Amino acid sequence: MADRPSASARLRFAWILGIVIAVYGALSIALSVHIIDQQSGARADLYVALQTLDQLHREALSQTTSAQERQTIVNAWRNERAFAAASTQQARQMAGTLISRLNREYPGNACGHGGPAFVAAGALPAQHACMIAIGVHGDMIGVTGYDTQGIAMDNFYEYLYAPVGRAD
């Protein structure tokens, strides 16, 4: 049977274990802060895209002439946080303009990856972390934000709880 470790050996082991736990905790905190910082940039980009769609929505509502047209625009925003354009062609054109404008106003990807933050949904790369996809489905323009892990974010939550600022 082995002898019991000495008191100094147990104390050394406790110190080593404590140091390992403290270093692990500090590294975990640093990584979490880094991810939260990147995530806030991605959230801010999605919020900007949703605000832009909301502005288009309000402008379209002010220019509608028929009750049916108004109801279509309202339902698109209420149900999907999407903008209902007059036609598919207009939606494609507006989506392209929206992508160009947002990339010009908010250059760079929030995660620091090369390339733009706002892309067409059909051109979304396989690694789409911190990207905002702007897609056209029929005559609807919708946006989908992807977080630091490439998981789609919830448009309703992000629009209701606005981020504090864009982390560049």
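The values are calculated or read from the model by the stated rules, or taken from the named source; none is laboratory data. Just so it is clear, the model here is predicted, and its values are computed rather than measured. Positions of Cβ are generated from backbone atoms using ideal geometry, with glycine treated the same way; all protein chains shown enter the neighbour counts. Ligands, DNA and RNA are excluded from the accessible area calculation, which covers all protein heavy atoms including side chains. Shrake-Rupley method; radii C 1.70, N 1.55, O 1.52, S 1.80 Å.
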Accessible area in the full protein assembly, largest first, 1.4 Å probe, for 77, 15: 15, 77
Report in % the part of the accessible area of the stretch 7-160 that belongs to carbon and sulfur, leaving out ligands and nucleic acids; probe 1.4 Å. 59 percent
Residues whose modelled amide H sits under 5 Å from the amide H of residue 120, counting only those 5 or more places away in sequence or on another chain, are 134
How many Å² of accessible area per residue for the stretch 7-160, probe 1.4 Å? 58 Å²
Please express the shape of the chain as an equivalent ellipsoid: the semi-axes are the square roots of 5 times the eigenvalues of the C-alpha gyration tensor, given largest first in whole angstrom. 50, 15, 13
Using a simple charge model, +1 on the beta-carbon of Lys and Arg, -1 on the beta-carbon of Asp and Glu, nothing else, what dipole does the chain show about its Cα centre, in debye to the nearest 20? 360 debye
Go ahead and run the numbers for FRET between residue 51 and residue 89, Cβ-Cβ distance against an R0 of 22 Å, rounding to 0.05. 0.35
Backbone HN-Hα couplings from phi across the stretch 28-35 [Karplus 6.51/-1.76/1.60, Hz, Gly and Pro as x]: 5, 5, 4, 5, 4, 5, 4, 5
What helix-only [θ] at 222 nm does the chain give? Using -39500 (n - 2.57) per DSSP H run of at least 4, over all residues, to the nearest 500, the answer is -20000 deg cm²/dmol
Positive end of the charge dipole of the chain (Lys, Arg +1 and Asp, Glu -1 on Cβ, about the Cα centre): tell me which of 107, 138, 122 has its Cα farthest that way. 107
Nearest 5 percent is fine: what portion of the DSSP beta bridges confined to the stretch 7-160 is antiparallel? 75 percent
Once you keep just the Cα pairs under 8 angstrom separated by 6 or more residues, what percentage relative contact order results for the chain? 28 percent
